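Colleague: This is the structure, below, for whatever I ask next.
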Amino acid sequence: MKTPEEFELMLATDVGSTTTKARLFKKKDGEYRFESSGEAPTTVEAPFEDVTRGVRNAVREVEELTGLRLMGKEGIIWPRTGEGDGVDVYVTTSSAGGGLQMMVAGVVKTMTAESAERAALGAGAIVMDVISIDDGRKQHEKIERIRTLRPDMILIAGGTDGGTITHVVETAELIAAAAPKARLGIGYNLPIVYAGNVNARIPVQKTLGEKYALKIVDNIRPLLEVENPEPARNAIHELFMEHVMSHAPGYDKLMKWTDVPIMPTPAGEGRMFTTLAELKKVNVIGVGLGGATTNVYSTYDGRFVRTVSANLGMSYSVCNVLKEATIDNIMRWIPFDIKPSLVSNRLLNKMIRPTTIPQTIEELVVEHAVAREALRLGFTHHKQLARGLVGVQRTMDIGRIFDQKSEVETYLDMMHIDFLAGTGGLLSHAPRRAQSALLLMDGFQPEGVTKLAQDSVFMMPHLGVLSTVHPKAALEIFEKDCLIRLGTCVAPRGIMEKNGNALNFKLDHQEGVVEGDVPFGSIKLIPLNSKSTAKITLSPAKDLDVGTGPGHHLETTVEGGVVGLIFDCRGRPLQIPEDQASRREKLLNWFQALNAYPEAVYERIRSENVKEAN
Amino acid sequence: MAQAYTPGLKVKKFTIVSKTRRLPLPGEVLVREGENVAHDQIVARTQIPGEIHMMNVANLLGVEPEDTNAYMQKKVNEPVKTGEILANRTSFFGLLKSIVRASVTGTVEMVSNVTGQVAVREQNVPVELNAYIPGKVVQVMPGEGVTIRTPAALVQGIFGIGGEAHGELKIVTDSRDETLTSEKIETSCNDKILVGGALVTTDALTKATQMGVRGIVVGGIEHEDVIKFLGSEIGVAITGQEDIGTTLIITEGFGRMSMSAGTFNLLKSLSGRRASINGATQIRAGVLRPEVIIALEDDEARALTEEVDEISGGMAPGTQVRIIRDPYFGTIGHVSNLPVELQTVESESKVRVVEVELEDKRRVIVPRANVEIIEY
């Protein structure tokens, strides 16, 4: 058997909710590089109900493109044969069939229940509901809810070590009374992870041990000041493989194709975003915009939080984005004269035929409008969990009393986010990279100076799972082939009451010095290629802040990218005119500034505006 | 070549339909393998545990949780009636008495000496499962359910609302392009499954429900009409549980969509026949599409077996397809070419494409992901 250092050909797949993506990596001249890709619809559903069909189809595309033989009758060929067929290692992630769906429970909503939610999300799960003693629901309502949920797994937390036992056992009793059934399969025990007060283990075991696959791990919140999610996360991953994946259609077969545990897609993605943060020693926000979910990751001053927003996605869940965001919020990003009812019909049609792709530019613009809202909503959800531990006693000096953010607010300050990166089919496959940059800017509204990046062809989950067996290869490919630098976004915080210059800049780079102004409400693009860095002096208007306080100068270094250096002076929060004509005019200007869409889009907006004016 | 296209919805004048009827919890199967069953025959039944009611007896009696058992008048597994004494406590030489009475009739399921909670479970609720389709029982899963098989005509819809229903098919529009309005729903539509054209209006749906129409099968519906009919927005496409009286099945998509000629003509040819329909749709995880099943007699089936050729799995020149996205949404044609190389479409995406010759002889290029095979 080869050691990882001897691997030359590595195959990874991601069985997504909509599409299965295969990626082949190869060692060339001592370097690990991305070699080829193949995609096919996921076949978790009827009539196939066997994910390996989709995997075979995706890998077959790779075979066709490379001329290699990677599969045999029994599945992926590994290790490689003497004839050179097959790969050295095969790994896979999965979010098909609904991913890992969990219910979590704790004693206090904002304390142990929130820690449990963070731990489940951290493990890459979709959290269906959070039950706590103080969640405002009556006991019978909670029982009814637990009964109807049918999760893949339950995580119970509650009580610090040596703290309440009664309330923890009460939660266990609620679950026992509800007798929930597992989502997949009939007649197997629902897995439950208990990560609460050590002193409640025996009564919890007594209450749940017989009828459930109960796994007891260290307390998620041993002290109020300490959150310890790792043991719970590890247990979730273990039970995910043992109980959940083995019951999903075709996974029993897929599990035999690889000896590396199948990882939930968000767990794979998250690994690469944390790698980016560690590698660059920066604060990172990452997003995986998928067909069924939007996964947001933040690494901020060493704290990592992952959220998976179930039902916010671009295909299966597109109508939930419509429902949550409302049609008005989607329409504000569409510069064309289209009836809202037509747009909502189209989104419903996308939902019922999730694997279709936009053929016309109008359809593309509509999808991008929805994507902006999915990103915005996903980030709002993320911020609710990216916050300090509630319940911790703090000593407040005078300075902190005035300065400290409330513990219920997010600690994420967009001004201190250095990197904003995206992955997922829509972002990775956007026909122009400027479209991805604009989507990230509109969805997250970065402030100050922020580097923008994206996954080149969607391979972050693949590299995430590969890194469990060959971290060096994963990291090399991530740096060289996966992470595309889009550029740097400079966006002053604040708004100006009157029109005028928002920002003056002086850019000093290889090709000379460029100076300029950016009016408030506009975007300006300065080409600066991926390998370039430049010194920049930013002078914002008196009400605007680029990181040094309102009206203060900032001297820093910026990096280029395939899009370039983007001055986004549209205001923070972003200002979109309510008046139709002005809104369209603004969208036209913003799209044009980045050359985000083909000329036909701009012509149509102009002609529709003229028509409306007449 | 990998298959980068959507498998189509089935519109078949003859196929073999198998339906597995599974109990939500283990129970009893009432039919035997080989037995012929009617659509409304009960094939299996079980008992679903009743509602659970919890009360903190220790708190109500003012005792420590660990002492709860000592005050219980009813023990675990003992039946109890509403108002009966569940637990009591006498203090001060019998002068003070605290009583906890059962709030429901059921069985004491749990007494916790950690929390002081007592759980009483109401009586089990019987659940019966009918056959849904007439046919032969071909498999019995003891304690779990059965599989029933029948030769049938089958139309799969793309989206539905409401659960299983049964009734006679009645065609209420003259063509597949017409709108199914309230005027077309008469008293004779009671208990029927109506087949319409391109669109159903809210008024028609409301009237259908009032008139006791069992189901409506139509090409399309406006999103806003779905909201009006359901009283809420559709978030995720998991349907079938709606309590709306009339099951709705759309065959093409949202908006005005002419029902495909194949679907309309097939249903028209079966007008007056009894059908089993189900609006349940689940696009994600184990795709479930709404369906119209018209069971056929054995001799009909035999005649059709010889007539109908099953098409093979893949897409090839000549395969009939439906385009399922703009700008040609809803149009039908035949595959005329399958270029291997990626092509750039108007949105500037580089994708695998298919050339389709439409019914009006125009040849158009569309992404392969935007067509589905029509399986007649």
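Colleague: Name the long-range amide H neighbours of B:G330: under 5 Å, sequence gap of 5 or more, or other chain; modelled H, no Pro or chain starts.
Modeller: B:I323, B:I324, B:R325
Colleague: On to the next question. So the label point goes 7 Å from the Cα of A:N199 along Cα→C-beta, right? Which residues of segment A:209-241 then have their backbone N under 17 Å from it?
Modeller: Only A:219-225 pass the distance filter.
Colleague: I would also like to ask the following. Quick check: convex hull of the Cα atoms in the protein assembly as shown, volume per residue, rounded to a whole Å³?
Modeller: It comes to 208 Å³ per residue, whole-number rounded.
Colleague: Something else: How about segment B:199-289: which trypsin sites (Lys or Arg not before Pro) there are in a DSSP loop, with at most 16 other Cβ atoms within 10 Å of their Cβ?
Modeller: Those that pass, being in a loop and sparsely packed, are B:R273.
Colleague: Would you tell me the mean number of C-beta atoms belonging to other protein chains that fall within 10 Å of each C-beta in B:319-328, as a whole number?
Modeller: Mean partner shielding for this stretch: 3.
Colleague: Give, in whole angstrom and from largest to smallest, the semi-axes √(5λ) of the equivalent ellipsoid of segment B:52-122, with λ running over the eigenvalues of the Cα gyration tensor.
Modeller: 19, 14, 9
Colleague: Further question on the same structure: Roughly what % antiparallel, to the nearest 5, for the DSSP beta bridges in segment A:4-96?
Modeller: Approximately 75 percent, going by the DSSP bridge assignments.
Colleague: Return the sequence-ordered ³J(HN,Hα) values of segment A:232-238 in whole Hz as given by the Karplus equation 6.51 cos²θ - 1.76 cosθ + 1.60 applied to θ = phi - 60°, using x for Gly and Pro.
Modeller: Working through the residues one at a time gives 5, 4, 4, 5, 4, 4, 5 Hz.
Colleague: Under a Cβ-Cβ cut-off of 11 Å, what is the net charge of the residues other than A:D337 that fall near it, where Lys and Arg count +1 and Asp and Glu count -1?
Modeller: With Lys, Arg at +1 and Asp, Glu at -1, the neighbours total +1.
Colleague: Work out the FRET efficiency for B:N124 and B:K268 from their Cβ-Cβ distance, taking R0 = 45 Å, and round it to the nearest 0.05.
Modeller: So, using R0 = 45 Å, E works out to roughly 0.45.
Colleague: Can I ask one more? Percent antiparallel among DSSP beta bridges with both residues in chain A, to the nearest 5?
Modeller: 65
Colleague: Find how many whole Å separate the alpha carbon centroid of segment A:1-62 from the alpha carbon centroid of segment A:207-225.
Modeller: Here the answer is 36 Å between Cα centres.
Colleague: Hey, another quick one. Can you work out ³J(HN,Hα) from phi for every residue in segment A:456-467, in order, using Karplus 6.51 cos²θ - 1.76 cosθ + 1.60 and θ = phi - 60°, giving whole Hz and x for Gly and Pro?
Modeller: 4, 10, 6, 9, 5, x, 4, 5, x, 6, 4, 5
Colleague: With the crude spin-label approximation of a point 7 Å out along Cα→Cβ, what separation in nm comes out for A:K531 versus B:S18?
Modeller: Modelled inter-label distance: 6.1 nm.
Colleague: Can I ask one more? Where is the GNM fluctuation largest for chain B (alpha-carbon springs, 10 angstrom cutoff): B:S349, B:S175, B:S98?
Modeller: Greatest mean-square fluctuation among the candidates belongs to B:S98.
Colleague: If one computes the Cα centroid of segment A:489-527 and of segment A:441-468, what distance in Å separates the two points?
Modeller: So the two Cα centres are separated by 25 Å.
Colleague: Given the C-alpha centroids of segment B:144-176 and segment A:66-105, what is the distance between them in whole angstrom?
Modeller: 39
Colleague: Then there's this: At a temperature of 20 °C and a viscosity of 1.002 mPa s, determine how fast segment A:452-594 diffuses translationally according to Stokes-Einstein, using the Kirkwood radius over alpha-carbon pairs as Rh; express D in µm²/s, rounded to the nearest whole number.
Modeller: So the translational diffusion coefficient is about 127 µm²/s.
Colleague: Considering only DSSP states other than H, G, I, E and B, which trypsin sites (Lys or Arg not before Pro) in segment A:120-221 qualify as loop sites with at most 11 other Cβ atoms within 10 Å?
Modeller: Sites meeting the loop and neighbour criteria: A:K138.
Colleague: Quick check on the exposure proxy: order B:M54, B:M259, B:M110 from fewest to most C-beta atoms within 10 angstrom.
Modeller: Ascending Cβ contact count within 10 Å gives the list B:M110, B:M54, B:M259.
Colleague: Show the residues, 5+ positions off or on another chain, whose built amide H is closer than 5 Å to the amide H of A:A213.
Modeller: The answer is A:L190, A:I192.
Colleague: Quick one: 3J(HN,Hα) in Hz for segment A:556-571, Karplus 6.51/-1.76/1.60 with θ = phi - 60°, rounded, Gly and Pro as x.
Modeller: So the Karplus estimates, Gly and Pro as x, are 7, 10, 10, 9, x, x, 5, 8, x, 9, 10, 9, 10, 10, 7, x Hz.
Colleague: For segment A:263-491, what number results from the quotient of the Cα radius of gyration and 2.2 N^0.38 Å?
Modeller: Scaled against compact globular proteins, the figure is 1.05.
Colleague: Given labels modelled 7 Å from the Cα in the Cβ direction, how far is it in nm from A:K280 to B:V340?
Modeller: 4.0
Colleague: For a quick check: with amide H placed at 1.01 Å from N, whose amide H comes under 5 Å from A:S95's, ignoring anything fewer than 5 positions away on the same chain?
Modeller: Here A:V15, A:G16, A:S17, A:T265 satisfy the definition.
Colleague: How many Cβ atoms of partner chains, on average, are near each residue of A:205-213 if near means within 10 Å of its Cβ?
Modeller: That works out to 1 on average.
Colleague: Can you give the average number of partner chain beta-carbon atoms within 10 Å of each beta-carbon in peptide B:334-341, as a whole number?
Modeller: Average neighbour count from other chains, rounded to a whole number: 0.
Colleague: In addition: What FRET efficiency do you get for A:N234 and A:E141 if R0 is 35 Å and r is their Cβ-Cβ distance, rounded to the nearest 0.05?
Modeller: Rounded to the nearest 0.05, the efficiency is 0.60.
Here, each number is a calculation from the coordinates, and none is a lab measurement. The structure displayed is predicted, hence computed values, not measured ones. When we count neighbours, we look across all protein chains shown, and the Cβ atoms used for this are built from the backbone with ideal geometry, even at glycine.
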